[in-house]
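**Student:** After the structure tokens below, expect a handful of questions from me.
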Amino acid sequence: MSTMSLPLADPLSRVALRLRDYAELTKLRVTSLILMTTWCGYYFAAHKAGTGTLDRGLFHALLGIALVSSGTAALNEVLERDVDRQMLRTARRPLPTGRMTLLHASVVGVSLTVGGSVYLAMFTNGLTGTLTFLTAVVYLAAYTPLKRVSPFCTFVGAFPGAMPGVLGWTAARGRLEWETAILFGILFLWQFPHFFSIAWLYCEDYARGGVRMLPVVEPDGLSTARCIILYSMFLIPVSLLPSFMGMTGWAYLAGALLLGIGLLYFGIRLTGPKMPVASAASKLRARHLLQATVIYLPILFVIMMTDVKR
């Protein structure tokens, strides 16, 4: 019986390994977070339009944006394959290890990015398809190469990173409205404490790969900590705007305020004495901040969606 199962086990294991490679190439976990924020934008837009929040339009929006996000991630790994080879946290990805060829990854990335954009234009609307494609272009053509040039890359990368909620909105409404600016602003500001905490944690790895994140260029940590606090402070009033603009009720206002203060607290902890980026104490606090950002965003959007004004 065991000998009969061996021929089956080998193809199945190869399929499993290939699926794992695709998941790594397309950054499945990042795509999941993007889809969550896209859903939030679609949810609010559908409420404003008086249409269903769980309908075929949502399916088309999530599928199309998932395709483009996955394709963009794949092309990002194509462009950064040499950098990934030098960094410990990325050296085991499919391209640096040779488990996937450059041509294969490139074809996958282009097909998903272009195909997803066309799909959105056909099944949601032209605006969403165009904006999604332009988001991918900015990420790949501006943010990705800038990472090896200047810490300003984080600011540039925050623009495409803040688009998912906007894209969800336009998929449901077919146009940009003032609510999209609020959703954009929340995601834009949230990215700074999130990505600066990652850069702080993996500063040595980024330096090894020649990625010029702020903690690499300013190893004392003071500039990074100041930026984290500044953007976290700005995030608090911007995150309260949905209540003040009539999108949500007072429950969301209270929840967003508490979440914002909590996030700011974890950022302030990085400004303590003797907190250079390389110190063990600062690494621990940077990890706590990263965990706080990962908790902050889904809880904020869940409260926002459950307290939406009818």
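**Student:** Among the residues of the range 140-156, write down those that are within 14 Å of the chain's Cα centre (by Cα) and under 15 Å from Y231 (Cα atoms).
**Tutor:** Result: T154, F155, V156.
**Student:** Which condition does L240 not pass, out of (1) modelled with pLDDT under 95; (2) in contact with a helix residue (DSSP H, G or I) (Cβ under 8 Å, 6 or more places away or on another chain); (3) part of a helix (DSSP H, G or I); (4) over 18 Å from Q291 (Cβ atoms), if it passes all the others?
**Tutor:** (1)
**Student:** Next question. Run L58 past the list (1) in contact (Cβ under 8 Å) with a residue 12 or more places away in the chain; (2) under 23 Å from G157 (Cβ atoms); (3) aliphatic (A, V, I, L, M); (4) in contact with a helix residue (DSSP H, G or I) (Cβ under 7 Å, 6 or more places away or on another chain) and report the number of the one that doesn't hold.
**Tutor:** (2)
**Student:** Go through the range 48-66 and report how many residues are modelled with pLDDT of 90 or more and open to solvent by 50 Å² or more (accessible area, probe 1.4 Å).
**Tutor:** Result for the range 48-66: 3.
**Student:** Among the residues of the range 143-190, write down those that are more than 24 Å from Y119 (Cβ to Cβ) and of a type in the set (A, V, I, L, M).
**Tutor:** Those that are more than 24 Å from Y119 (Cβ to Cβ) and of a type in the set (A, V, I, L, M): L146, V149, V156, A158, A181, I182, I186, L189.
**Student:** Something else now. Can you work out which of the residues in the range 253-310 that are without any contact (Cβ under 8 Å) to a residue 60 or more places away in the chain and not in a helix (DSSP H, G or I) is farthest from C227 (Cα to Cα)?
**Tutor:** D307
**Student:** So if I check each of A254, A225, A280, which one is more than 22 Å from G168 (Cβ to Cβ) and exposed (fewer than 14 other Cβ atoms within 10 Å of the Cβ)?
**Tutor:** Answer to the selection: A280.
The values are calculated or read from the model by the stated rules, or taken from the named source; none is laboratory data. Given the structure is predicted, the values throughout are model-derived calculations rather than measurements. Virtual Cβ from ideal backbone geometry, glycine too; neighbours counted across all protein chains shown. Remember, those area values only see protein heavy atoms, side chains included, never the ligands or the DNA or RNA. Shrake-Rupley method; radii C 1.70, N 1.55, O 1.52, S 1.80 Å.
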